[in-house]
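Colleague: Take a look at the following structure, please.
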Amino acid sequence: MARGAIDIPGKLIDYVVAVGLRETAVQKRLRAVTRRIPMGGMQIGPEQAALMQVLVRAIGARRCIEIGTFTGYSALAVALALPPGGRIVCCDLSEAWTAVARRYWKMAGVERKISLRIAPALDTLRTLKGKFDFAFIDADKTNYQNYFERCLKLVRRGGLIAIDNTLWHGRVVDRRDQTADTRAIRAFNRKLHRDRRVDISLVPIGDGVTLACKR
C-alpha cells in the first residue's frame, strides 16, 4: 500500500522493499508488530529507514538524536548503521510504545547504543552537550521549529537534520486544510526554505522527509 503523500502503486513499493534495501529479520518483525497496534501508521517505511542508514554511514555519524521514537523502528535502523561506540539519544513521552522498542532493540543487540529519555523532548535537548552528527525529527508538528532550532545548535557543521512528514499526506497543498498541524508544517517548510544556515532537499519518500545539512 502507498504510505504518506506519495502515490506510488503498491506493487512498485513492494518491489522497492524487495530489491531496493536490506532489512534485518528483527526490523521486519518490529515493523509487522507496529502495523497491528493503534496509530501504527506513524511508523516510517523501510525505504526511508534505509535512506537514513545510508546517510548516517556516509557522514560517519557517531552521535545522533531522535525526537519522536514511537515503537523504535527508526532508532533501530540508525543504531544498526552506527559504528561500535556510536550512540543515539531518543526522546519520547510514551512508556508503552517505547517498551515495544526496548524489546526489539535488545533482540537486535543494539540496546547499548541507544539512550532513551522519557520526557518532553525540548527538556531533554536542553541537557545535551557537545556536537552531534545526525538528528531525526518526527514528533508533534507544532513544535517542529523549536526542535529544529535546538538541533541546529547541537549538530556539527556538515551534520544532517532529517525532518519527517514535511508533505503531510499532501495536505500542505490543500488550502482548505487549516488545521494546526498542517499550518505548522507549511510555516516550517516556508521558513526552512529561506534559512541560509542549511542546505536543504525535500525528498519525496514516505510522507516527505526534508534533509538539512548545516553549513
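Colleague: For region 183-215, enumerate the residues that are farther than 16 Å from Tyr147 by Cα and either in contact (Cβ under 8 Å) with a residue 24 or more places away in the chain or among the hydroxyl-bearing types (Ser, Thr, Tyr) (or both).
Modeller: Across region 183-215, the qualifying residues are Ser201, Leu202, Val203, Pro204, Ile205, Gly206, Asp207, Gly208, Arg215.
Colleague: Which one of Ala50, Ala25, Ala32, Ala18 is of a type in the set (A, V, I, L, M) and either closer than 30 Å to Arg150 by Cα or in contact with a Cys (Cβ under 9 Å, 6 or more places away or on another chain) (or both)?
Modeller: From the options Ala50, Ala25, Ala32, Ala18, the qualifying one is Ala50.
Colleague: Let me ask another. Checking Asp174 against (1) touching a strand residue (DSSP E or B) at 6+ places or on another chain (Cβ under 8 Å); (2) free of Cβ contacts under 8 Å to residues at least 24 places away in the same chain, only one condition comes out false. Which one?
Modeller: The failed condition is (1).
Colleague: Would you check which residues across region 110-150 are assigned to a strand (DSSP E or B) and either acidic (Asp, Glu) or farther than 22 Å from Gly86 by Cβ (or both) and list them? Steps first, answer last, please.
Modeller: So in region 110-150, the residues assigned to a strand (DSSP E or B) come out as 114-118, 132-137.
Within region 110-150, Asp133 is the sole residue that qualifies.
Colleague: Please go through region 42-66 and pick out each residue that is basic (Lys, Arg) and over 22 Å from Leu128 (Cα atoms). Spell out the reasoning first.
Modeller: As a first pass, look at region 42-66 and keep what is basic (Lys, Arg): 57, 62-63.
Once the filter is applied, which keeps residues that are basic (Lys, Arg) and over 22 Å from Leu128 (Cα atoms), region 42-66 yields only Arg57.
Colleague: Residues that are touching a strand residue (DSSP E or B) at 6+ places or on another chain (Cβ under 7 Å), under 23 Å from Cys91 (Cα atoms), without any contact (Cβ under 8 Å) to a residue 60 or more places away in the chain and surrounded by fewer than 13 Cβ atoms within 10 Å (Cβ to Cβ): does region 151-168 have at least one?
Modeller: yes
Readers should treat all values here as calculations from the given coordinates under stated rules, not as data from a laboratory. Please read all numbers here as calculations on a predicted model, not as lab measurements. Note that each Cβ is placed from the backbone with ideal geometry, even for glycine, and that neighbours are counted across all protein chains shown.
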